[in-house]
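Only one structure is covered here, and it is reproduced in the block below.
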Amino acid sequence: MALKSYTAALTPPQATRLCALLREEGFEMPPRPYTLGFGQKGHLTVAVYEKGPKVVIQGRDTEDFVKFRLEPEILGEAKLGYEEELSPDQFQPHFGIDESGKGDFFGPLVISGAYVDRGIARALREAGVTDSKRIGSDARIRELASVIRGQPGAVHEVIIVGPETYNRLVVKFGNVNRLLAWGHARVLENLLAKRPDCPRALSDQFAKPEVLKRALLEKGRTIQFDTATKAESDPAVAAASILAREGLIDWMDRTGREIGCRLPRGASAEVKRVARELVAGRGAEVLNRLAKTHFRTAHEVAPTHFAAPPPRSTHWGGGKADS
């Protein structure tokens, strides 16, 4: 099956060169928000996003454009089609585990895991499964999540830690990294109950390895568990990141409809504005049900109800790796 979607990180000079290439090749370049350039030509769209920067290529001619223009002229390296030779471990049977929502004031923490073998990994690559942070469209996240769940032999697990539970567990564990370690260990245990013959698991490195090892449960201690920076380049971890992101956006959309208020993501000025309005209209307690109250935002919008967080050096809520 020909590749119909491709995402790659760019350096700023590469992004500039790619936009110039699109113009030289006669791509239509209509203005699009959040992009440095957006090109359309035949069965191909190329979006060069400001954030990253990164490029997202979609359409029937994606594979040819990547192989014959993007890689040789912009990236300066040939990877497409050589993934198994360059990264053979990514195509061996293993679990990938990732999370979503850690940096969002509103909403849950979602931790997910997915299993791949050679066939599943190849299929996910061809479908365009990549790190969810590189995908800006909720519709595309849901589309890829459906592809992941539909793979023959697919095994996956999603744990949604809603705000009320999250706030209680952050206090219990003492910091977010220990909570994340517990969640990763729980997902791994559930995956192994479904696929006990899997020999290895991989997750992004969010804390020192011993923090995660201490959290592993009975089954999780029996297999090789690796952590790595930028682990989302692995197809299993990328799949897990998409399933986790789907869980987050579904919760945010559903809860927003229930309360009649759109809950923005992240921790921006818009997030703070919505939080102030919610507190003014419903009382500070509403944040316990909707938000991660150890974020400084909670104290800023309801200072008499939520204490100021400790200094970042204590690793409370997204600081440096736990020791």
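Would you tally the residues in the stretch 26-52 being touching a Lys or Arg at 6+ places or on another chain (Cβ under 6 Å) and modelled with pLDDT under 95?
So the first thing to find is which residues in the stretch 26-52 are touching a Lys or Arg at 6+ places or on another chain (Cβ under 6 Å), and the list is 27, 38, 43.
So of that shortlist, the ones also modelled with pLDDT under 95 come out as 43.
Residues that pass the stated criteria total 1.
Take the residues in the stretch 265-306 that are in a loop (DSSP other than H, G, I, E, B) and buried (at least 20 other Cβ atoms within 10 Å of the Cβ), then tell me which one is modelled with the lowest pLDDT. Talk me through it step by step, then tell me what you get.
Applying the first criterion (in a loop (DSSP other than H, G, I, E, B)) to the stretch 265-306 yields 265-268, 283-285, 292-295, 302-306.
Still in the list and also buried (at least 20 other Cβ atoms within 10 Å of the Cβ): 292-295, 302, 306.
Values: LYS292: 97, THR293: 96, HIS294: 95, PHE295: 95, ALA302: 95, PHE306: 92.
So, considering only residues that are in a loop (DSSP other than H, G, I, E, B) and buried (at least 20 other Cβ atoms within 10 Å of the Cβ), the one modelled with the lowest pLDDT is PHE306.
Could you run through the stretch 147-178 and say how many residues are within 22 Å of ALA193 (Cα to Cα) and part of a helix (DSSP H, G or I)? Explain how you work it out, then say what you get.
Pass one, the stretch 147-178, residues within 22 Å of ALA193 (Cα to Cα): 148-161.
Imposing the further condition that a residue be part of a helix (DSSP H, G or I) reduces the set to 148-149.
Total meeting the criteria: 2.
Could you check how many residues of the stretch 10-39 are surrounded by fewer than 16 Cβ atoms within 10 Å (Cβ to Cβ), of a type outside the set (D, E, K, R) and closer than 25 Å to ALA127 by Cα?
Within the stretch 10-39, residues that are surrounded by fewer than 16 Cβ atoms within 10 Å (Cβ to Cβ), of a type outside the set (D, E, K, R) and closer than 25 Å to ALA127 by Cα number 2.
Evaluate the stretch 123-130: report whether one residue or more is modelled with pLDDT of 95 or more and part of a helix (DSSP H, G or I).
Initially, the stretch 123-130 is screened for residues modelled with pLDDT of 95 or more, giving none.
No, the stretch 123-130 has no match at all.
May I ask you to say which residue of ARG122, ARG168, ARG142 is in contact (Cβ under 8 Å) with a residue 60 or more places away in the chain and basic (Lys, Arg)?
On the way: ARG122 fails: in contact (Cβ under 8 Å) with a residue 60 or more places away in the chain; ARG168 fails: in contact (Cβ under 8 Å) with a residue 60 or more places away in the chain.
Only one candidate qualifies: ARG142.
Residue-wise test of (1) modelled with pLDDT of 90 or more; (2) of a type in the set (Gly, Ala, Ser).
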residue	(1), (2)
GLU63	no, no
LYS67	no, no
LEU70	yes, no
GLU73	yes, no
LYS79	no, no
SER87	no, yes
HIS94	yes, no
GLU99	yes, no
LYS102	yes, no
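Can you give me the number of residues within the stretch 48-61 that are under 14 Å from LYS4 (Cα atoms) and touching a Ser or Thr at 6+ places or on another chain (Cβ under 6 Å)?
3
Hey, could you check the stretch 162-189 for residues that are touching a helix residue (DSSP H, G or I) at 6+ places or on another chain (Cβ under 9 Å) and polar (S, T, N, Q) and say which is farthest from GLY220 (Cα to Cα)?
Per the stated criteria, the residue is ASN167.
The values are calculated or read from the model by the stated rules, or taken from the named source; none is laboratory data. Note that the coordinates shown come from a computational prediction; the quantities given were computed from them, not determined experimentally. Positions of Cβ are backbone-derived with ideal geometry, glycine not excepted, and every protein chain shown enters the neighbour counts.
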